[in-house]
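Each reported figure results from applying straightforward, stated rules to the coordinates on display, with no laboratory input. Computed from a prediction, not measured in an experiment: that's the story for all the values here. Here the Cβ is made from the backbone with ideal geometry for all residues, glycine too, and neighbour counts use every protein chain on show.
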Amino acid sequence: MLLVSRENYLKSISRELRLDLLDMIYHSGGGHIGGSLSSLDLMIAVYFSEIFHHKKDHFVLSAGHLCPALYVTLSKLGLFPKEILSSYSSFGSILQGHVSTDVPGVEYSGGSLGQGLSFSCGLALGDKKNTTICLTSDGEHQEGQTWEAAMFASKYHLGNLINIVDYNHYQIDGATDDIMPLGNLAGKYIQFGWTVTTVDGHDFKKIIKAIELAKDSDYPNCIIAKTILGKGVSFMQYDYHYHDVKNLPENLYLRAKKEIENHG
Amino acid sequence: MVKNLSIRQAFGKTLVKLATQDAGIYVVNADLKSSLSLNDFAKKFPSRFIECGVAETNAAGIAAGLAKTGKKVFLTSFSCFSPAINWNTIKQSICYNHANVNIVGSHSGLLSTDLGATHQMLEDVALMRALPNMQVFAPLDAIETEKIVSVIARSPLPSYLRLIRSQTPVVYDPKNSFTIGKSYVLKKGSDITLLGYGPTIIQAFDVDNAKIEIINCSSIKPLDSETILKSVKKTNRLIVLEDHQKNGGLGEAVASLVLSSGLSPKFIHLAVDNRFGQSGKDFQQLYKHYGIGVENLKEAISVIMSLK
């Protein structure tokens, strides 16, 4: 059970890191903001709860373009100074444009979609004592490799594997339902032999409960987290043009900042 | 009398031997257990034999993750599937992530004879040479296979091991040890340097020419620049022979090395020239057709000797 005080604490971290993320992308000249804002609460739920021990459990960010969310999370954990966030995707920075193990606390370098779940299966198979959490995007379920990995996890009974899907319904060129619909994603995972939970991906109580349940399961677990692209910034929400932003104008930056401060 | 032995059987046997002494050795396979002589391994070490089915891309990711937990992983398939299908997973999940996986691609080259163009992998050296962190090896015969497998099991970098299907002559001196980045002079000569890898180079022993220096370049990456340059400096004539496309093959690697070091020998590259393979019942027939057989080599020798 997540205590109310704990939940409020996570909410305050969410607001703080959403601001860090916005600053980071604004000051560095751009980045993948939409999905980073949709997946941020999932990473906070993982890293700032008791259910995950980042020194022994494994976290794989398969959707490597969501790294801004991971960078602000790891910085908040004290793994590297917050000051370097604005160097994101600049020459010589450890904060690469797609997630990289150059960053303290990052276990997998990625960016080409569909590979992280396979890598996570390998980790889960080789380290059965600990939990492996993979974070995938909905769009990357169009990659066949994800389904090869889904079959594998079931065959090898990887009960210590959790795949959290950041299901924000958008990808770079538009709505996932237009580009290539995923159909009944939960049903597909169930047919592949997984345990599936669907949660509100911005409700800490529900995300953490789902992870707790998943850790007790003997089957590989998929948590489909319904999230909002661009969460917290009204003009970015549900707009796939904010998948990636370049040179956000100052007035929009200030507006976004105000919205997060007031409501986030 | 030179005897023939199977390179892939040597691979399977060596792996069983190594795995008996080292509990960290794993095989990640993509439904080609028998073809890679891994039945014994699978029977003796069922928990260390991971079967991924016909899904080479996932298999490469599994191998990478498993390697990151400290296991010594051999990823096994035909080279026409691995590294051909899963190259980007090898690039990102293995090489970029510093996952120490040994990728074993069997049935390479025209030597897979009757299987035809889809299975005659002629581009694997090019694909794997191009990857940062990746080492590339192609054993001469069954004995060298055993040596290389033992060495790469302990190497801290990922490796690609190019194997072939057929039984081939055993010529490697068992007293020789294999060292990464080292080439071996199989026969000394003064007028022509002949470089190559795998059983293809063994054809050179059928060429009656005392002046040809035959070098086994089983370590394709890293290359042994010292041995190669020393020989080329002496002969000033260089032939590279390989069962692979010209594009991206050893010949290009050696040409780059030689030119960069200021040498400009006469040079002939015998390799498949921008074509697909095809079925054939014996390799001599195919080798002749694609210009990498013993007659082609004899012709190349007379041409290079006549060049002024």
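What does the C-alpha gyration tensor say about the overall shape of the range B:4-169? Classify as rounded when a/c is under 1.5, otherwise prolate if a/b is larger than b/c, or oblate.
It is rounded, given that a/c, with a ≥ b ≥ c, falls under 1.5.
Assuming charge only on the beta carbon of Lys and Arg (+1) and of Asp and Glu (-1), the dipole of the range A:4-263 about its Cα centre is about 580 debye to the nearest 20. Tell me the angle of helix A:4-28 to the major Cα principal axis of chain A, expressed in degrees between 0 and 90 and rounded to the nearest ten. Orientation of helix A:4-28: about 60 degrees from the principal axis. If R0 is taken as 60 Å, the Cβ-Cβ distance between A:Tyr9 and B:Thr179 corresponds to a FRET efficiency of 0.55.
Note on chain A: the alpha carbon radius of gyration divided by the globular reference 2.2 N^0.38 Å gives 0.94.
Relative to the dominant Cα principal axis of chain A, helix A:204-216 is inclined by about 30°. A simple charge model with +1 on the Cβ of Lys and Arg, -1 on the Cβ of Asp and Glu and nothing else charged puts the dipole of the range B:184-306 at about 240 debye relative to its Cα centre.
List the residue ranges in chain B for DSSP H helices whose C-alpha atoms run 20 angstrom or more along the long axis and whose Kyte-Doolittle average is 0.0 or above.
Span-like helices, by this rule, are B:7-21.
Looking at this model, which pairs from A:Lys155/A:Lys226; B:Lys43/B:Lys221; B:Lys187/B:Lys233; B:Lys72/B:Lys230; A:Lys76/A:Lys128; A:Lys205/A:Lys226 are more than 24 angstrom apart at the alpha-carbon?
A:Lys155/A:Lys226; B:Lys43/B:Lys221; B:Lys72/B:Lys230; A:Lys76/A:Lys128
About its Cα centre, the dipole of chain B is roughly 660 debye, where the only charges are +1 on Lys and Arg Cβ and -1 on Asp and Glu Cβ. Going by a ≥ b ≥ c, the root eigenvalues of the Cα gyration tensor, does the range B:102-157 fall in the rounded group (a/c under 1.5), the prolate group (a/b larger than b/c) or the oblate group? Because a/c hits 1.5 or more and a/b fails to exceed b/c, the range B:102-157 counts as oblate. With R₀ set to 30 Å, the beta-carbon distance separating B:Ser264 from A:Asp102 gives a calculated FRET efficiency near 0.10. Report the Cα centroid-to-centroid distance between the range B:232-264 and the range A:10-33 in angstrom, as an integer. Spelled out, the Cα-based centre of one part sits 53 Å from the other. Is the protein assembly as shown best put as rounded, prolate or oblate by its Cα gyration tensor, with a ≥ b ≥ c the root eigenvalues, rounded for a/c under 1.5, and otherwise prolate when a/b is larger than b/c, oblate when not? In terms of gyration-tensor shape, prolate.
The phi torsions of the range A:37-44, fed into the Karplus equation with coefficients 6.51, -1.76 and 1.60 and a -60° offset, translate into couplings of 5, 6, 9, 4, 4, 5, 6, 4 Hz, rounded to whole numbers, with Gly and Pro shown as x.
Residue-wise HN-Hα couplings along the range A:221-231, as the Karplus relation 6.51 cos²θ - 1.76 cosθ + 1.60 with θ = phi - 60° gives them from phi, are 10, 10, 10, 8, 9, 6, 10, 10, 4, x, 2 Hz; Gly and Pro carry x. Spacing of the modelled spin labels on B:Ser35 and A:His157, each 7 Å from Cα toward Cβ, amounts to 3.0 nm.
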